[in-house]
Each structure stands twice: as C-alpha cells, then as structure tokens.
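Here is the structure we will look at, set down as structure tokens.
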Amino acid sequence: RMRVRRILEADEAILGTHVKVNGWVRTVRDQKQFAFINVNDGSNVTGIQIVVPSEKLQGYAELMKQLSTGCSVAVLGTVVESPGKGQKYEIRADDVILLGGADASFPLQKKRHGLEFLRTIAHLRPRTNSIGAAMRVRSAMAQAIHAFFAQRDFVYLHTPILTSSDCEGAGEMFRVTSLLPEGVKGSELPLKDDKSGEVEFKKDFFGKSSFLTVSGQLGGEVYASALTDIYTFGPTFRAENSNTTRHLAEFWMIEPEMAFVDLSDVMENAEAMIKYVLQHLRSECGSDLEFFDQYVQKGLLEKLDLCLREPFGRISYTDAIEELNKAVKEKNIKFEFGAPVWGSDLQTEHERYLAEKLFQKPVFVYDYPSEIKAFYMKFNDHDDGRTVSATDLLVPGIGELIGGSAREHRLEVLKAKMKDFGLDEAAYWWYLDLRRYGTVKHGGYGLGFERFVQFCTGMENIRDVIPFPRYPGQCEF
Ligand code: 4AD
Ligand code: MG
C-alpha cells in the first residue's frame, strides 16, 4: 500500500517501503542509464535524491525533456540506502509524474542567489534553502514561545491592531485612512470632540484619528491588572526611517505583562524565555541550524550554546556610560559618535560594544535616565527620579533585542509624569483608572521577534527572516 510521505520522514523506519513523495525539482542530471533528480518539499535543506533508472521508466526520454529546475512532481518509488555521498537515503523511482512545468525563465536556477535579488522575487524565494530554513526556524521559535508562556500559566491576549493611542510616544504611527464614503449610514453621527471643524473629521469611521498599533502594551497592562500574567504575540507597525538591517515597518512583537512584579522579575522572565527557545531549537531544528552555521554565520552554534550556558550580563546605564568612556580613553576604541555622555541615548555602536566586546554575551542594561524613555516607566526610588526601572537587552550581532520596564503604578506620580511629557490626561482616562482602582506593581517587556530570528539564524538582514518584509518603498507581494 502506497502512502504519501513528507521528505523529512525518510529514515530507517520506512527503509524498503513503497512511498509517494511530492515536491519541487531543484536539479536534474540525466546520465543515460540513470537520472538523478533532487526534489524538495520544504522539509529540510537537503531534499531527497530520486534515482530514475532509464530502462524501467516508460516515457523516460519524454520526461527528461520536460523536467527542469522549478517543476513540481510526484514520485512513486522505494526508499533505499544511498550509496552516494551527501545523503543517507534516496528513492528508487518507479514513476515520476510531472505536475506543473517550469521553463528556463524560472529565476531560481541552480546557483547561489544574492539575498537582495531574492527580495525582488519574494513570492519564489521560499524555494531557496536560506529562506526555507529561516521560515522553519521562525515557526519553531513561535511555537516554543507559546509553549514557554503556557508552561508558566500566562494568558495569550489578542490586543487590537487599530488604535488611537501612541504607546511609545515616538510619533511613528501609520495613520489609518478611515473616512466613511459620503452618504454611508453612520457618517452623520454627531461627534463629541470636533474642534477642528473639518468636514472629513466628521465623517471619520471611529470619530477620532486612528493608527496601526506600535505596541500592545497598554492593553496588556489592562489585562494583567485582572488576569495577573498575560502575553501578546502579534504584528506591530512603525513608520520610522527603517532603512537599516534591523528595522521593519511591520514586525512581530512578543509582549508579556505581569502583575505583582518588579524589574528583576521582568529580566528573569526574559532570560528564561530566550533560553527556552534556544533549547527548543537545539533539539528540534538541528539540521537547519547546522546549515546556518556552515553557510550564513560561522560559529553560530557556539554562540547559541554559550548563550544557553551563561547567565546574561547585567549592568546599570550609569556604569555602562562609564565603561564606554573608559573604552575610548583607555582601550583606544573609536566610536563614530564618540563616548556617550550621561543622559544621552546609547547608539547602536555603543550597544554592540557592550554586548560583543565587554560582555561577549547578552547583557541587560537597566535604570535608564527618565528623559530618554517612555512616559509609562516607573521612577526609581533610589535616585530622586533621575532614572526609571527600565531595561534593554543587548545581544551580540544585533544590539537591542528587548525593551522593558516596571510601569509607574502610582496615580499621582504618573499624572505628573504625563504632564512633563505633554500628554493629555483625558485621552488616557482608562489607563489612569488602572491606577485609581486596585493598582499594583507591574511590568513587562517587548521582544522584537524578527531580531530574535536574526540572532538564532545569523541572517544579516531583518528583511530575510519575515515572509513578506515591509520597509520604505516595499509593499508588494
Ligand atoms: O523598545 P520598544 O519600542 O518597546 C516597546 O514597544 C514596549 N512597549 C515594549 C513593552 O515593554 N511591552 O520595542 C520593543 C522591541 C525592541 O527592543 C526591538 O527588538 C523591536 O521591538 N523593534 C523593532 N523590530 C523591528 N523593526 C522595528 N522597526 C522595531 N522597533 C522595535
Ligand atoms: Mg526600545
């Protein structure tokens, strides 16, 4: 009896059995007596070698004329041990059925293509080894993240994508054009807040400006203030100048929010989560990680193992500034922006120095000056509000992977802070209510999922670890 198998199932358990395999042809070599076809169904980077004996197969010559890189095929045959190098098992074909042809214009001919070129054919690039492997690893990471939080009894919360609040206050929101067409019912509703007097404003779908969310945190705080531990895992959007190898206009973020915790609990959770995911990858994605280690980032496995083994570093912002100045003065390190002064934001080069040179492993920088961080962060009690209970996790090769904090949970302190930040209290009435009714210490963090995938695969550009990247000038596919 014939069973359809995925290529990843080819091992000794099905040795000698008769199978059917579907996939896409990567290469064809016709050597008269035999043809060798490499077929891949997205199981792994190796695919499987199909050996087609010319004598046995009816219509062999005709088939060879039609088969080429990019075709889809169904193969019927027997799984046998491979005498050749490079694979343990192969399939002796009884029949090869061409499902869908591909002519010589198929852009992924047998050679290594540049990743930049591949972005121009984002609809075909999943058929390459690097993108295929990146997406398998990405999927495994997402599943491990859910497993980690499930194990700790966190509720998976779905926060909205359409919102009217700018959580980070950085003014990087995509505005949603949400006008109702003329005459549509509901468009004539009288609106409360209509100082502008603009006609279009009157017809706005929501009755106020709306945007794509930059973060699910504020909604996360609402639910942590009832369910204790929640996390979000969804798309977020930023209209910042994202022409770098670490920024996307649309990226996925994991945002746990926990009640009854302080900053050290936030850091503990983040470190445990990252290690859980790495452990999962080491046991489940071995062959893909080896591929990345060999072809994309030498030393990747060693880097991941070290990250698993070692406790993450911890350093206060104030000490980090001191170290960066020491680096310039005593170690002759050159930064493009020079040594940072206390109170300024760390540049990427500074962050990378801390993670790559000083600690040589992931490091939490904590207690940042309040002026350079978001309005919701909790003032530290120990230094008259010069710093907030905030942390960034910096990792080698990437820089900032996580931003998190304890949240200001004291009503009066938060109100004063919002005033300093020029925020309108009225717009945050519901957020302030959390501090009015049963307020508790709480905190959380946001982990940029694509940066994490970059870290685990060694892929250099963030645009190559998301199926369809969005960045300035790119919204096709
Ligand atoms: O540091 P950020 O802005 O923090 C927040 O949004 C908080 N509300 C999170 C929280 O406490 N719940 O963003 C968090 C992380 C960054 O550390 C980075 O990894 C990632 O999100 N990130 C981006 N990733 C890709 N492209 C971009 N444009 C990104 N902006 C931020
Ligand atoms: Mg940040």
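The values are calculated or read from the model by the stated rules, or taken from the named source; none is laboratory data. Remember, it's a predicted structure, so these values are computed and weren't measured experimentally. As a convention, Cβ positions derive from the backbone with ideal geometry for all residues, glycine included, and neighbour counts pool all protein chains shown.
For the reader, a short list of remarks on this structure follows.
- Among residues of region 235-267, those that are within 12 Å of ligand 1 (Cβ to nearest atom) and of a type in the set (Gly, Ala, Ser), counted: 3
- Top-ranked residue in region 448-477 [being on the phi > 0 side of the Ramachandran plot and among the small types (Gly, Ala, Ser); ranked as modelled with the lowest pLDDT]: 473
- In the set 409, 442, only one residue is within 16 Å of ligand 1 (Cβ to nearest atom), in the same structural domain as residue 228 (by TED's automatic domain parsing) and free of Cβ contacts under 8 Å to residues at least 60 places away in the same chain; that residue is 409.
- Residue match in region 453-464 (condition: surrounded by 22 or more Cβ atoms within 10 Å (Cβ to Cβ), more than 25 Å from residue 257 (Cα to Cα), among the hydroxyl-bearing types (Ser, Thr, Tyr) and in contact with a Ser or Thr (Cβ under 9 Å, 6 or more places away or on another chain)): yes
- All of (1) within 16 Å of ligand 2 (Cβ to nearest atom); (2) more than 30 Å from residue 349 (Cα to Cα); (3) of a type in the set (Gly, Ala, Ser) hold for residue 422 with one exception: (1).
- Being within 16 Å of ligand 2 (Cβ to nearest atom), at pLDDT 95 or above and surrounded by 14 or more Cβ atoms within 10 Å (Cβ to Cβ) holds for only one residue in 445, 431, and it is 445.
- Matching residues in region 447-471 - criterion: being over 21 Å from residue 275 (Cβ atoms), within 11 Å of ligand 1 (Cβ to nearest atom) and of a type outside the set (A, V, I, L, M, F, W, C): 463, 469, 470, 471
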